[in-house]
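Undergrad: Got a structure for you, questions after.
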Amino acid sequence: MEGIWYFVINPISGKGKGLTLWDSIHPLLQESKIPFEFGISEYHQHTIQLIQEQYQKGTRNFVGLGGDGTLNEMVNGIFNAQKFTTNTPCQIGLFPIGTGNDWVKSHHPLTLTNLIPRIQDNQSYPHDVGIVSTKKDNHHYFLNVAGGGLDGQVVEEIGELVASGKKNGLSYIKGTLRALFSFQAPNGKIKIDNNIHFEGTMLLAAGSIGQYFGSGMLISPNAQFDNGILDVTVVKDDKNWKILPQLYKLFNGKIATASFVNKYTSNSISIESNRPIPLQADGEYLGKHEQCSISILKHAILILK
């Protein structure tokens, strides 16, 4: 089944755009005689299960109709099934119809116009995959940004907005502001190659493969998705009156010049704190932990181009 393309549709993304889009994609695939199967994600993390099942059947080509969350579940489905084996990387693509669509800002999205030519050309480029590992030996994979602290708190805040039916294009800004005034910064350590590079109170520590997160925040303008290196951001605790006037730097690519930001590069980092802090990967909440590591697998997946 290596030649089959599996499409997974998130019917909630984009206020229902996924199913409408699939109604247009389906006949294009039939007319082009491209072998395909499809599934509809019915609940949170269902996409992980659907992708795992297809992988085990031999499918290696996947396309998602959804947002960053759908993409993240696709990647986790693949790597849960692969069990760290990347000798034959899978090929993936995305129709971005989510709220944030941060990953695709550094890539060329699929459209109704280019889908069939891209599949027929069967050309792809390599992309790194990140791994968040906790003390409980749980692994979660990501393609964009993962971290702990304030960003995890923001994801929690957004979850509350979603639950209350108030999520929209400004949800990440609202979540960030709410988190800034509610999150209590822990004392923490950042280790790179087993050496302590930061020690003190910190608002967040993140490892980036992609450049954007939080619905357009340019946290890592120098990040490259195919060099096997994490772009590391550590935000030190500071007074809100010092932080708030510099938040605009999150959108113009100059966040590294903020007085409360430290930048590093590495292929792995470890985060330790004196109390559990919320973790996130590509906007997926991973719970609260006192310790985690973030590492990278170079060229572990292929992106359809």
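Each value in this text was obtained by applying a stated rule to the coordinates, not by laboratory testing. The shown structure was predicted, so the numbers you read here are calculated from the model rather than taken from an experiment. Neighbour counts run over all protein chains shown; Cβ positions are idealised from the backbone, glycine included.
Undergrad: First select every other residue whose beta carbon is under 14 angstrom from the beta carbon of residue 258; then total the charges, Lys and Arg +1, Asp and Glu -1. Before the final figure, lay out the partial values.
TA: On the way: positive: 236, 239, 242, 249, 254, 263; negative: 237, 238.
Once positives and negatives cancel, what remains is +4.
Undergrad: Give the longest segment of the chain that steers clear of GluC sites (Glu not before Pro) in DSSP loops with at most 14 neighbouring Cβ atoms within 10 Å, not counting the sites themselves. Could you put the intermediate results ahead of the total?
TA: Numbers: sites that count: 2, 42.
So the longest stretch without any such site is 43-305.
Undergrad: Which residues' amide hydrogens lie under 5 Å from the amide hydrogen of residue 37, considering only partners 5 or more residues apart or on another chain, with H built in the peptide plane?
TA: For residue 37, the qualifying residues are 5, 6, 7.
Undergrad: Counting other Cβ atoms within 10 Å, keep those with at most 16, restrict to DSSP loop, and tell me which trypsin sites (Lys or Arg not before Pro) in region 228-285 are left. Before the final figure, lay out each step's value.
TA: Values: sites: 236, 239, 242, 249, 254, 263; in loops: 239, 254.
Of the trypsin sites (Lys or Arg not before Pro), the ones in loops of region 228-285 whose Cβ has at most 16 other Cβ atoms within 10 Å are 239, 254.
Undergrad: What pairs in 135/298; 191/263; 15/249; 189/236; 105/242; 263/288 have C-alpha atoms more than 20 Å from each other? Walk me through the numbers on the way to the answer.
TA: Details: 135/298 23 Å; 191/263 13 Å; 15/249 30 Å; 189/236 11 Å; 105/242 29 Å; 263/288 24 Å.
Beyond 20 Å between Cα atoms: 135/298; 15/249; 105/242; 263/288.
Undergrad: Could you state the number of Å between the C-alpha centres of region 146-219 and region 61-120?
TA: 24
Undergrad: Right, something else. Report the FRET efficiency, 1/(1 + (r/R0)^6), for residue 123 and residue 4, where r is their Cβ-Cβ distance and R0 is 25 Å, rounded to 0.05.
TA: Working: r = 18 Å, r/R0 = 0.72.
Given R0 = 25 Å and the Cβ-Cβ separation, E is 0.90.
Undergrad: Which whole number of Å³ per residue matches the convex hull of the alpha-carbon atoms in the chain? Kindly include the intermediate steps, with their values, before the conclusion.
TA: Details: hull volume 37.0 nm³, N = 305.
Expressed per residue, the convex hull around the Cα atoms of the chain is 121 Å³.
Undergrad: Can I ask one more? Using helices alone, I'd like the mean residue ellipticity at 222 nm for the chain: each DSSP H run of four-plus residues gives -39500 (n - 2.57), total over residue count, nearest 500. Write out the running numbers ahead of the final one.
TA: Values: 8 runs with 87 residues, N = 305.
So the calculated ellipticity at 222 nm is -8500 deg cm²/dmol.
Undergrad: Rounding to the nearest 20 debye, state how big the charge dipole of the chain is about its Cα centre with +1 on each Lys and Arg Cβ and -1 on each Asp and Glu Cβ.
TA: On the way: 26 positive and 26 negative charges, 122 e Å.
That gives the chain a dipole magnitude of about 580 debye.
Undergrad: Counting only DSSP beta bridges with both residues in the chain, what percent are antiparallel, rounded to the nearest 5? Show your work: numbers first, answer last.
TA: Values: 56 of 74 bridges.
Bridges in the chain are about 75 percent antiparallel.
Undergrad: Among 200, 155, 127, which residue has its Cα furthest toward the positive end of the charge dipole of the chain, with +1 on Lys/Arg Cβ and -1 on Asp/Glu Cβ?
TA: My answer, from the dipole projection, is 200.
Undergrad: Pull up all non-local amide H partners of residue 300: gap of 5 or more, or a different chain, and H-to-H distance under 5 Å with H placed in the peptide plane.
TA: The answer is 127, 128, 129.
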